[in-house]
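For reference, the structure is listed below as structure tokens.
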Amino acid sequence: MGDEPKEDAAKPPPRQLDEALQARRVEALAPGQGQSAFGGNLLDSLWDRQEYRRARFNLTADPGEHSCFSGFKSMFRNTNRCQGWQREYPAKGGNQTFLNTGQVRYASFTLAEVVGDHINVWLEDDSSDLHRSVTIKAAQIYANTLGVKELQPVAESKSWMDHQCKVFGAMPFMYTCSDRINILVQKCGMSNAWVIPSDFLHNYPKPADNTSQANFDIVFYMCQELIDQNPNPYSAATTFAHELAHVIQGGFGHSFYPMIEGGATWLEGSLLRLPPRPMCFGWGFQDWNEILAAHIYATTKPENARKFYQIHAMLLTYLSQKELLGDAATSSLQNYETFDSVNIPWGRGAYDYFLANLGKGSPSRFSPVQLDVADVFHPFGTVLLDFRIAMAAQCIAEEARRPSEVRYLMPAHLRDQPFWDCSTFQTFWSSSNSSDPDAMNLHYGGAAIFRLAMPQGATISVAANADPRIRTKVLAAGDSSGAFAAEVRELRPGGNTTFGGGARELFVVQVNVDPEGETVSLHDAKGLWKRSSYGCSQGCRGQAWTNAVANESYPPNARTSLRSRLVRLPNTTNVSLHFLAKWHLEAEISDNETLFGCGIRGYDGVQIRVHVYHDADAATSSCHKDGYKVKVLQPDGGYGHLAGGQKALGAFISADLLVPLANHTCDDLAGYTGKSAPGGFHWQNFTLAAEAGLTVRIEVIFSSDGSEAFEGFWLTNFEIQADGVVLLSDAHHILASPTAGSVGKYDGIPVAVQYPEGYKADLGVSKKKLTISAPWSARWSESPTDPVAAQPRAYLGWSYSAPSSNVATARLHPWQEACLQLEAPFPGHLDTATLFALVDKVGIGVVTLVARSAIPPYADLGGGAVKSASEGVSDPGAHRFRLGAKWGPELQKGEAFFLCVGTGEVKSLQYDGEGLQPFLHLPLTEVNSSGNVGKTGWTVLRGNSTNVENVTDPWQGHTLSLRAEFMHSLPATTTTTPAAAVAAAAVAAAAATTETQALSGAAGLRALTVAAAVLAAVSETAYRNS
């Protein structure tokens, strides 16, 4: 038996920046301690964005004012923000021309209804009665105009809309001068819904005015096709909440994609006290473990089936527990956004600051933190690991056997509803005596969870050669005797630990927490500027600056900057920049493609910019910023263009590159692309006459998009000359990251996390293909004293699996039962069963499970229907049925039976859609035996009345996402688990109790030993996915 480490080694909090330095920064930023130059407290700018914005715009809430437009009236009364102009709308039934953004054409829309004084429902002229009815009902649900109790998330909020704005923040009316939300139902040619931040930020930082088009408002676009596909008004209302969350987020600035979508998905679920979006919603996938192991910021279908919505939403749900961050602070985390492009937080640049206060509440003063790139115990890594422990704890069916610490649990209302399909974890049955799992290759932030089903005396060992950047924790459920409570232990490479007590459910949880996993540094050579002899020939001597690597292409979605030091230019017109260069980038295109009115020449490219600074900036931290003016330099003869004049490059059309430019033109989107002329390096010349007499620096920007990639760009002999005198003869590669404590020039939001010198956020996720692993193994008793440990088990049924774009679902009505035929692998009974559902439903109050004979008339096998509640307007999305030996009959090896799912306790609400029958929405999984009558997998849709026929294979090659755990029967002398088993490792208890008799002393010990020996002799076959 090895050492038993503590749960976590004590680790200091993230290193605080030097307090004296920080005090000087804050003092220099604005008058008054902790005050922002924009008005408001620096702490509020992070921890209470709503209050900070009120102070910034001098807004106060009037009594009775809706939370989504709190301060709107005072904006007109106390400020001149809108110059007295307020957007007006026609009366109900009137028409307005809007841009149909689905088909990019102008169209006439009719104001069909004004819901709750603040929601305009606009219908394009060809909209149907169904489109009208569903959209208006969805708006009424969102605003809860009828005061339905089921639509109040908490007692203090009247509706989803009210609660959303109280916690997330008000709508960005200070940019629209309107107090309406406009729902545009339009024909799109696709099934979707969206908002466009540039609608309400069109004149940013100024508001809309009387010249602004109708779309330059708070607008939500709802496709007719989406309503046709799913006419459930509750589902549409949830979509309203999700997309309008983006409107609120956009009113605070910009953040990184997974946080933006994760925040809105968190809002539509947990924050509104609704079930979370289930994993089987949206794009299909076929391997749960691949999704679990994927990069935490992966966002594509091939990488993780775009499940980053659900994963990040569930992470925020976990953090929103009051013992961790709570709702308000979690909302602040996902609302940590800014309009200053260079300061936009990314990944740990947001997480580490807020997680430094985990369990502590908001701090009393603003103090940025240093991003730790050396220690695997950094805050985000610890949370990612504990979050996965909480996911595994949902797999423990008995509450008493789960951990007691909140950091290892999901919120109370979700602890009995697994977010993940627990049966998809690599599972090792206790009736064998060891496990040698396949070590999972984990991407950064990705995880692997392994289940050890009820071993006794298990020793878990992590290999000495395991990658130390993977952290491993073992969750041990409480044992079968009740003598040992649940516990969590961490193991480092080469470590091991043994768990005492009776049979225990164990979960080995691993997470890649690489401290450098989401950063790039000077050590990460690929795609970054560096000096290299590779490619230095034909005009180049020695080494050149390049982003090329031998035998490799530059990475996609990359952006790197090569900058000169600051130089004061003399006041002469004969001042210029020169360097030798060659390049091999993505080829020019031949299509007549345009974007923002500019003809597109290509995508990847290199561009030269000049930054202009005040003279005083050279002695301050401002010398590391962009300066007060940024201009794209044009080489003599230009960067080149196509025959039609197209010169723009797609990789330069991004907010963070365009915002620093005062008024960008098509010339500002130009750059080197394609392949340079033959003959090696050629001189590139630029005039700096317009910058004469100013302090400047030169920047060379490389930017690539997400598609094709080639070799790269080379430059050498970099010089700035004036009147024949060399002023600067080199450039240095910088990994620009904003200075912690500095505030944005647009909104005063501070930078909360400092990246170490030579590091920056990996915005292009250039390391997303890198994986590491940490092998481990387990051994447990070959002769357990607890018979449960020797009891064979098997999974039956099917986990959710579907191709990415061929997803099938079905609606189950109260007059139907969906039945799946299974087969007993050995004598025994069903212990648990879990049904996965989608959350949208109508009218269903309970889901039932019953075991039936597989022989007509399919009689109940005696256990009766087990119920799982489906309360409120949404289904929980997961129904776990605890069955056990007392439910249903003993099944013999090879005996076929049906598991049948039904619904009941129908309840209608005022907002239920017209003509919609009550239903439960089921995700379907592919199975090729669903039509094989009498065989495992046979699927039947049964009517529960004599006039409804049974339908074989109703979903044509698909069945329920239903998994059950089957257990071998204990011998007759010990029909249930003993009440007391083992008080310490390998020490047998002296007594055990059965349901009908008590055994004590030596007789009790002999009975347990005999039972264990008998069960150990039973051969077990692992049944996976039947």
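Bear in mind these aren't lab numbers, they're just calculated from the coordinates by the rules spelled out. In this text the structure is predicted, and so the values were computed from the model without any measurement. Cβ placement follows ideal geometry from the backbone for every residue including glycine, while neighbour counts extend to all protein chains displayed.
Only sites in a loop by DSSP and with at most 13 other Cβ atoms within 10 Å count here; which GluC sites (Glu not before Pro) in region 464-572 make the cut?
For GluC sites (Glu not before Pro) across region 464-572 that sit outside H, G, I, E and B with at most 13 neighbouring Cβ atoms in 10 Å, the list reads Glu552.
Please list the equivalent ellipsoid semi-axes of region 523-734, computed as the square roots of five times the alpha-carbon gyration tensor eigenvalues, in descending order and whole angstrom.
Square roots of five times the eigenvalues give 26, 21, 17 Å.
Full-extension gain between Val154 and Ala865, please, as 0.36 nm times their residue separation minus the C-alpha to C-alpha distance.
Difference between extended and current length: 252.7 nm.
Calculate the all-directions average of the projected area of region 792-968's alpha-carbon convex hull, and give it in nm².
10.3 nm²
When only Cα pairs under 8 Å and 6 or more residues apart are kept, what is the percent relative contact order across region 523-734?
About 40 percent, as a whole number.
Which distance in Å, rounded to a whole number, links the C-alpha centroids of region 76-123 and region 678-732?
49 Å
Sort Lys322, Lys149 so the one with the fewest other Cβ atoms within 10 Å of its own Cβ comes first.
Starting with the residue having the fewest Cβ neighbours, the order is Lys149, Lys322.
Using +1 at the Cβ of each Lys and Arg and -1 at the Cβ of each Asp and Glu in the chain, identify which of Tyr911, Gln892, Leu201 lies farthest towards the dipole's positive end.
The residue sitting most towards the positive pole is Leu201.
Could you tell me how many degrees, from 0 to 90 and to the nearest 10, lie between the Cα long axis of helix 257-268 and the main elongation axis, the longest principal axis, of the Cα atoms of the chain?
Once rounded, one gets 50 degrees.
Distance between Cα centroids, region 413-464 to region 837-909: provide it in whole Å.
That distance is 28 Å.
Let me have the relative contact order for the chain, percent, based on Cα pairs under 8 Å that are six or more residues apart.
It comes to 12 percent, rounded to a whole number.
How far, in degrees from 0 to 90, does helix 379-393 lean away from the longest principal axis of the Cα atoms of the chain, to the nearest 10?
So the inclination is approximately 30 degrees.
Taking a 20 Å limit on the Cα-Cα distance, which of the listed pairs Lys629/Lys745; Lys73/Lys166; Lys582/Lys760; Lys625/Lys769; Lys166/Lys907 fall beyond it?
Lys582/Lys760; Lys625/Lys769; Lys166/Lys907, as the Cα separations exceed 20 Å there.
Once you compute Rg and the Kirkwood Rh from C-alpha atoms, what is the Rg to Rh ratio for the chain?
Using Cα coordinates only, the ratio equals 1.00.
Please get the size of the charge dipole for region 523-734, origin at its Cα centre, with Cβ charges of +1 on Lys and Arg and -1 on Asp and Glu, quoted in debye to the nearest 20.
500 debye
So what does log10 I(q)/I(0) come out to for region 403-554 at q = 0.09, 0.12, 0.14 Å⁻¹, using the Debye formula with one equal point on every Cα and no solvent?
Taken in order of the listed q values, log10 I(q)/I(0) reads -0.46, -0.65, -0.79.
Cα centroid distance between region 542-560 and region 232-304, in Å?
34 Å
Expressed as a whole percent, how much of the Cα-Cα distance distribution for region 676-831 exceeds 24 Å?
Across region 676-831, Cα pairs with separations above 24 Å total 74 percent.
Using packing as a proxy for protection, rank 704-715, 837-848 so that the peptide with the highest average count of other Cβ atoms within 10 Å comes first.
Taking the mean over residues of other Cβ atoms within 10 Å, the ranking is 837-848, 704-715.
Counting other beta carbons within 10 Å of each residue's own, what order do Leu649, Leu661, Leu333 fall into, fewest first?
Exposure proxy ranking, most exposed first: Leu661, Leu333, Leu649.
Hey, how much of the P(r) for region 324-426 falls beyond 20 Å, as a percent of Cα pairs?
Looking at region 324-426, the distances longer than 20 Å represent 50 percent of pairs.
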